[in-house]
């Protein structure tokens with residue numbers, strides 16, 4: 001029984017293919033098949049691959065009629081027979097135990113997909129330099145090793161941006177008709193695959209294993225190809241079609257996806273030469289991207305834009321220029337900001353005394369804001385940084401949180417990070433503060449989280 005099918009698209013990979021293939025045939029999981037799909041290599045890669053076919057019966061060599069990583073990968077998916085499907089780029093390689101660990105966990109937990117952290121590396125005169133990439137940000141690392149419903153964490157789509165650092169249940173891939181866009185070359189067709197697997201999975205998992213070794217010194221990689229701007233536009237159009245086809249319209253998810261493509265596009269857009277020197281093909285692609293952007297942007301409400309920080313995106317304003325949508329949203333945002341501040345002041349004024357939790361720039365800004373609006377009830381700062389205790393900021397002492405009186409005092413948390421806010425909130429509750437005595441400073445709160453600040457009443 002084949003447990004994992006590994007798909008390797010390749011085109012003229014002679015510099016790296018031996019290391020890639022050796023890492024696959026030496027996997028500790030032996031029940032695998034290795035499907036190498038060549039798109040017409042002319043540099044000697046084919047001859048090397050044929051040698052691997054002769055010496056290991058698990059290696060199968062397929063030939064693609066299209067020079068397209070998307071087409072090659074789709075061909076591999078159609079041919080695969082394993083319980084799970086994995087991928088390896090021809091210039092990367094896998095740690096020897098990667099497939100065994102992922103398969104055992106995926107099988108035992110009945111996962112639609114399981115993905116691992118990985119090492120990025122470059123080769124210098126002194127050898128290889130490795131840098132570990134954590135998929136999960138610090139505030140989400142408690143999710144490692146847990147079964148999750150990916151759609152409950154749409155913000156992870158900014159971190160989970162590769163397809164080759166995991167394995168996917170083959171039956172699930174086929175039943176959901178998950179496919180790659182078949183645009184030419186090997187540029188960003190994996191984006192659509194990643195988004196589809198993330199949005200359609202019911203059971204996913206991330207593990208902290210430095211399993212895949214991702215090469216960043218191949219100058220032929222698509223990340224260094226200026227033409228990639230065109231492929232980003234094609235992939236955006238492809239995925240907008242996928243969303244419509246699958247009737248996915250949840251606005252927070254749409255905001256994440258919009259920001260994902262906007263970030264990809266702008267990375268290349270910034271590198272364009274002066275506009276008169278840009279090719280007509282590129283100008284046409286930029287125009288097409290603007291059209292897709294407007295279509296996607298118009299589906300969102302101001303709360304969704306704030307959720308992803310899109311309302312202040314310089315690139316978004318630059319691309320949409322004087323589009324009436326922007327003007328309308330700006331007016332709505334100003335109304336929200338005014339109401340947010342008004343609600344904040346109204347809440348604070350109920351208390352004769354207040355302590356600002358956080359003695360940094362945000363805390364001092366909050367104090368200044370309150371003082372300008374005739375609130376003189378702030379009696380001090382508190383902070384978890386013990387080196388600050390006993391010192392003064394803006395004339396007020398910085399105290400240890402445990403030393404602050406609780407009776408009748410409002411704690412104003414001056415931290416913008418949602419994870420940090422929740423930790424401080426829990427800390428204050430454990431110290432005996434009532435939930436009504438805790439709020440977030442309105443000038444630093446993300447507007448989408450207002451309900452967290454005012455929901456305690």
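The values are calculated or read from the model by the stated rules, or taken from the named source; none is laboratory data. Note that the structure is predicted; figures quoted are calculated from it, not measured. Heads up, the Cβs are rebuilt from the backbone with ideal geometry, glycines too, and the neighbour counts pull from every protein chain shown.
Would you be able to tell me the number of residues in the range 106-141 that are on the phi < 0 side of the Ramachandran plot and assigned to a strand (DSSP E or B)? The total comes to 18. Is it true that residue 151 is assigned to a loop (DSSP other than H, G, I, E, B) and out of contact with any strand residue (DSSP E or B) (no Cβ under 7 Å at 6 or more places or on another chain)? In short, no. For the range 410-431, filtering for residues that are at pLDDT 90 or above and part of a loop (DSSP other than H, G, I, E, B) leaves 1. For the range 16-64, a residue qualifies if it is loosely packed, with under 15 Cβ neighbours inside 10 Å, in contact with a strand residue (DSSP E or B) (Cβ under 8 Å, 6 or more places away or on another chain), part of a loop (DSSP other than H, G, I, E, B) and at pLDDT 95 or above, and exactly one does: 56. Could you please find all residues in the range 390-403 being crowded, with 17+ Cβ neighbours inside 10 Å and under 39 Å from the mean Cα position of the chain (by Cα)? Listed by number, the residues that qualify are 393, 398, 399, 401.
Yes or no, residue by residue, for (1) in contact with a helix residue (DSSP H, G or I) (Cβ under 9 Å, 6 or more places away or on another chain); (2) over 22 Å from residue 119 (Cα atoms):
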| site | (1), (2) |
| --- | --- |
| 3 | yes, yes |
| 7 | yes, no |
| 39 | yes, yes |
| 47 | no, yes |
| 73 | yes, yes |
| 95 | yes, no |
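Please enumerate the residues belonging to the range 265-295 that are surrounded by fewer than 19 Cβ atoms within 10 Å (Cβ to Cβ) and within 22 Å of residue 154 (Cα to Cα). Those that are surrounded by fewer than 19 Cβ atoms within 10 Å (Cβ to Cβ) and within 22 Å of residue 154 (Cα to Cα): 267, 292, 294, 295. With respect to being at pLDDT 90 or above and over 26 Å from residue 137 (Cβ atoms), residue 390 fits the description. Consider residue 96 carefully, then state whether it is in a loop (DSSP other than H, G, I, E, B), surrounded by fewer than 18 Cβ atoms within 10 Å (Cβ to Cβ) and in the same structural domain as residue 143 (by TED's automatic domain parsing). When the stated conditions are applied, residue 96 passes them. Of the helices (runs of 4 or more DSSP H) contained entirely in the range 296-376, those carrying at least 1 residues that are closer than 27 Å to residue 154 by Cα and modelled with pLDDT under 75 fall at 302-307, 314-320, 324-348. Checked against the criterion of being part of a strand (DSSP E or B), assigned by TED's automatic domain parsing to the domain that holds residue 352 and in contact with a helix residue (DSSP H, G or I) (Cβ under 6 Å, 6 or more places away or on another chain), the range 394-409 contains one or more residues that satisfy it. Scanning the range 23-73 for residues that are touching a residue at least 60 places away in the same chain (Cβ under 8 Å) and closer than 20 Å to residue 99 by Cα returns 23, 24, 26, 27, 28, 29, 32, 73.
Inside the range 106-118, residues that are within 15 Å of residue 165 (Cα to Cα) and surrounded by fewer than 18 Cβ atoms within 10 Å (Cβ to Cβ) make up a count of 0.
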